[in-house]
1. Mind grabbing the base-10 log of I(q)/I(0) for the range 166-339 at q = 0.16 Å⁻¹? Debye formula, identical points on the C-alpha positions, no solvent, two decimal places.
2. Scan the chain and note any complete DSSP helix (H) whose C-alpha atoms cover at least 15 Å along its axis and whose Kyte-Doolittle average is -0.5 or more.
3. Return the loop-located trypsin sites (Lys or Arg not before Pro) in the range 15-77 (DSSP other than H, G, I, E, B) with at most 13 other Cβ atoms within 10 Å of their own Cβ; answer none if there are none.
4. Quick one: Cα centre-to-centre distance for the range 26-51 and the range 136-179, in angstrom?
5. How big is the charge dipole of the chain about its Cα centre, in debye rounded to the nearest 20, if each Lys and Arg gets +1 on its Cβ and each Asp and Glu gets -1 on its Cβ?
6. When N is the residue count of the range 25-72, what does its C-alpha Rg come to as a fraction of 2.2 N^0.38 Å?
7. Give, to the nearest whole percent, the P(r) tail of the range 19-156 beyond 18 angstrom, counting all Cα pairs.
8. Which whole-number percent gives the relative contact order of the range 166-339, counting Cα pairs below 8 Å spaced six or more residues apart?
Amino acid sequence: MAAMNIIHSNGKSTVRPKRISAEDKPFYSIIIVDDEYHVRNSTKMVLKKAGYERLYTASSASELEQLLEKTEPHLILMDLNLGKSPHDGLDLMKRIDEERLAVTDYIVISGERDHNLIGECMAYAIDFMEKTFSISSLLARVENALINREFRSMAITDSMTRVANKGTFLDQLQYHVALFDRSKHPLSLVMMDIDHFKSYNDTFGHLEGDSVIKEAANFYSSHLRATDLFARYGGEEFGIIMPETPFEGALSTFERLHRDFKQIIFNPKEGVKKGVTFSAGISTLDVDSYELLQSRINLRSSEGRIEMTNRMITSADQALYHVKERGRNGCCPDNYLVGNVV
């Protein structure tokens, strides 16, 4: 989506985004929030005619919140005055960002002239439009917002594998730790790395090693649930965040996928066939493990969430190295988050 062109000018190169193709438009999810039916409907029809298909409308804060429970929009078109006050939309954006602990892209569309209010909104929104907009202006602003989102996504993915990078992984793990504090639903983390990868690299070269990394990332990321996050943590090490998953569920998922991945045959040089295995460890934050940790870690504070995030990673890594000490090629059968309580 929104790929880039390299344009050479006077010996220099610049990056310019392509426009969004007709084939890509149906995949973008857009929510239109306005208390006036004719505005919601006409905006939806304009976007639909332009090729966007995943279009949803809301007339109030409660309707928007219900939609956000079911979909993750790429963009929200937000009216400021939802029938009560010009501050309705601003208050809603603040609450959504606080409760979801995530950045949401908004284009504010309003007839308000209060520059102070507009300035406050721009702390949350990426663009502002007056309600007396033209169709061409709306379409251009929406497309630019979606393209800018694609540019930002480049900063959160690993350039080689196109899965989430370490920074995204750490942010998302902290986010799900915060969600655990509210729901108490189990959260599992798998840390895994490729067995004997240095030897593979030394024997067959870095190009063949990169091929293994990319194939592993593609395989695991495409066989997990949409709610799971697969990330490249660094080098040949990967991490999987599995929300609402108990330890046994995470263990069985890894074992199933690992069994299938081991069947893939690599040909690093002519006449050579190699299979690749992983070692892995799991840490699971659930009600039982949290009971042992809550006297030490306060998940209501950002410091506590960071500490729990680090503890989960350290525990899973300890379990991973335990597997390596015992011969590699598998996953530790114990939740090291519990054993890591000191």
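Every number here is computed from the coordinates shown, using simple stated rules; none is lab data. Note that the structure is a prediction, hence the values are computed from the model and not measured. As a convention, Cβ positions derive from the backbone with ideal geometry for all residues, glycine included, and neighbour counts pool all protein chains shown.
1. Per q value, in the given order, log10 I(q)/I(0) is -0.90.
2. On the way: long enough: 37-49 (18 Å, -0.89); 88-100 (18 Å, -1.29); 135-153 (27 Å, 0.06); 166-183 (25 Å, -0.32); 206-223 (26 Å, -0.53); 247-261 (21 Å, -0.45); 302-325 (35 Å, -0.72).
Helices meeting the span and hydropathy rule in the chain are 135-153, 166-183, 247-261.
3. Details: sites: Lys18, Arg19, Arg40, Lys44, Lys48, Lys49, Arg54, Lys70; in loops: Lys18, Arg19, Lys70.
When the trypsin sites (Lys or Arg not before Pro) of the range 15-77 are filtered for loop state and at most 13 Cβ neighbours within 10 Å, Lys18, Arg19, Lys70 remain.
4. One Cα centre to the other: 23 Å.
5. Values: 41 positive and 49 negative charges, 202 e Å.
That gives the chain a dipole magnitude of about 980 debye.
6. Working: Rg = 10.6 Å, N = 48, 2.2 N^0.38 = 9.6 Å.
Dividing the Cα radius of gyration by 2.2 N^0.38 Å gives 1.11.
7. Working: 4933 of 9453 pairs.
Above the 18 Å cut-off, the range 19-156 has 52 percent of its Cα pairs.
8. Values: 283 pairs, mean separation 52.0, N = 174.
Answer for the range 166-339 is 30 percent.
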